[in-house]
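K.L.:
Take a look at this one; I'll ask things after.
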């Protein structure tokens, strides 16, 4: 089961998108200095779950969040590393049900899980937060932000960096 703690419309998480960012709990990464360390707990409400006694069916609770967030162009799962398979199922559901919305996933893992089908995503962030390297908007970050192009990941991390204006 994926649980979420809160969801907010944000403007800086995905370049050029108005994004519904859904904070998923149960993060197993335990990154030192994480600004959302509370998400490590098993807290919140179900976002997607398999009912007891059923193996192929699932219940999605994301519709209300999307429908009350008018004007969004993207939905991003912030976390979900404890169950990448369900993140993939949720992404597939959003792609099918809301074909005009882009789908993103912020993973704290270094490598992309084999459970992820890139067809279901438009953007993926990989990498644990490491204080000494800074967040995505730092030129020294170890994290990488990718645009999905077909079955390839194109690194667009530099879109988060402030570019100096030359005189």
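The values are calculated or read from the model by the stated rules, or taken from the named source; none is laboratory data. Fair warning: this is a prediction, and the values are worked out from it, not measured in the lab. Heads up, the Cβs are rebuilt from the backbone with ideal geometry, glycines too, and the neighbour counts pull from every protein chain shown.
K.L.:
Scan segment 17-31 for residues that are in contact (Cβ under 8 Å) with a residue 40 or more places away in the chain and more than 13 Å from the chain's Cα centre (by Cα) and report the count.
P.N.:
Taking segment 17-31 and keeping what is in contact (Cβ under 8 Å) with a residue 40 or more places away in the chain, we get 17-29, 31.
Subset that is more than 13 Å from the chain's Cα centre (by Cα): 17-18, 26, 28-29, 31.
Within segment 17-31, residues that are in contact (Cβ under 8 Å) with a residue 40 or more places away in the chain and more than 13 Å from the chain's Cα centre (by Cα) number 6.
K.L.:
It is to be established whether one or more residues within segment 72-94 are free of Cβ contacts under 8 Å to residues at least 24 places away in the same chain and either in a loop (DSSP other than H, G, I, E, B) or farther than 27 Å from residue 137 by Cβ (or both). First the steps, then the outcome.
P.N.:
Here is the first cut: in segment 72-94, the residues free of Cβ contacts under 8 Å to residues at least 24 places away in the same chain are none.
Within segment 72-94, none of the residues are free of Cβ contacts under 8 Å to residues at least 24 places away in the same chain and either in a loop (DSSP other than H, G, I, E, B) or farther than 27 Å from residue 137 by Cβ (or both).
K.L.:
Still on this structure, please answer the following. Does residue 136 fit the bill of being surrounded by 13 or more Cβ atoms within 10 Å (Cβ to Cβ), touching a helix residue (DSSP H, G or I) at 6+ places or on another chain (Cβ under 8 Å) and assigned to a loop (DSSP other than H, G, I, E, B)? It would help to see each step written out before you state the result.
P.N.:
Numbers: surrounded by 13 or more Cβ atoms within 10 Å (Cβ to Cβ): yes; touching a helix residue (DSSP H, G or I) at 6+ places or on another chain (Cβ under 8 Å): yes; assigned to a loop (DSSP other than H, G, I, E, B): yes.
For residue 136, the condition - surrounded by 13 or more Cβ atoms within 10 Å (Cβ to Cβ), touching a helix residue (DSSP H, G or I) at 6+ places or on another chain (Cβ under 8 Å) and assigned to a loop (DSSP other than H, G, I, E, B) - is met.
K.L.:
Looking for something in contact with a helix residue (DSSP H, G or I) (Cβ under 9 Å, 6 or more places away or on another chain), assigned to a loop (DSSP other than H, G, I, E, B) and on the phi > 0 side of the Ramachandran plot - is there at least one such residue anywhere in segment 145-153?
P.N.:
yes
K.L.:
Of the conditions (1) under 14 Å from the mean Cα position of the chain (by Cα); (2) under 20 Å from residue 119 (Cα atoms); (3) assigned to a loop (DSSP other than H, G, I, E, B), residue 99 clears all except one; give me its number.
P.N.:
Failed condition: (1).
K.L.:
How many residues does segment 3-16 hold that are farther than 14 Å from residue 70 by Cα and assigned to a loop (DSSP other than H, G, I, E, B)?
P.N.:
Restricting attention to segment 3-16, the residues satisfying the condition of being farther than 14 Å from residue 70 by Cα are 3-6, 12-16.
Within this subset, residues satisfying the condition of being assigned to a loop (DSSP other than H, G, I, E, B) are 12-16.
Total meeting the criteria: 5.
K.L.:
Moving on to the next point. Pick from 116, 124: which is in contact with a helix residue (DSSP H, G or I) (Cβ under 9 Å, 6 or more places away or on another chain), in a strand (DSSP E or B) and in contact (Cβ under 8 Å) with a residue 24 or more places away in the chain? So that I can check it myself, show each step before the final result.
P.N.:
Working: 116 fails: in a strand (DSSP E or B).
Within the list 116, 124, the selection yields 124.
K.L.:
Check whether at least one residue in segment 32-46 is in contact with a helix residue (DSSP H, G or I) (Cβ under 9 Å, 6 or more places away or on another chain) and free of Cβ contacts under 8 Å to residues at least 60 places away in the same chain, and report yes or no.
P.N.:
Step one: list which residues in segment 32-46 are in contact with a helix residue (DSSP H, G or I) (Cβ under 9 Å, 6 or more places away or on another chain), which gives 34.
Adding the requirement that they be free of Cβ contacts under 8 Å to residues at least 60 places away in the same chain leaves none.
There is no residue in segment 32-46 that is in contact with a helix residue (DSSP H, G or I) (Cβ under 9 Å, 6 or more places away or on another chain) and free of Cβ contacts under 8 Å to residues at least 60 places away in the same chain.
K.L.:
If I filter segment 17-39 for residues that are at pLDDT below 95, over 30 Å from residue 132 (Cα atoms) and in a helix (DSSP H, G or I), do I get at least one hit?
P.N.:
No, segment 17-39 contains no residue that is at pLDDT below 95, over 30 Å from residue 132 (Cα atoms) and in a helix (DSSP H, G or I).
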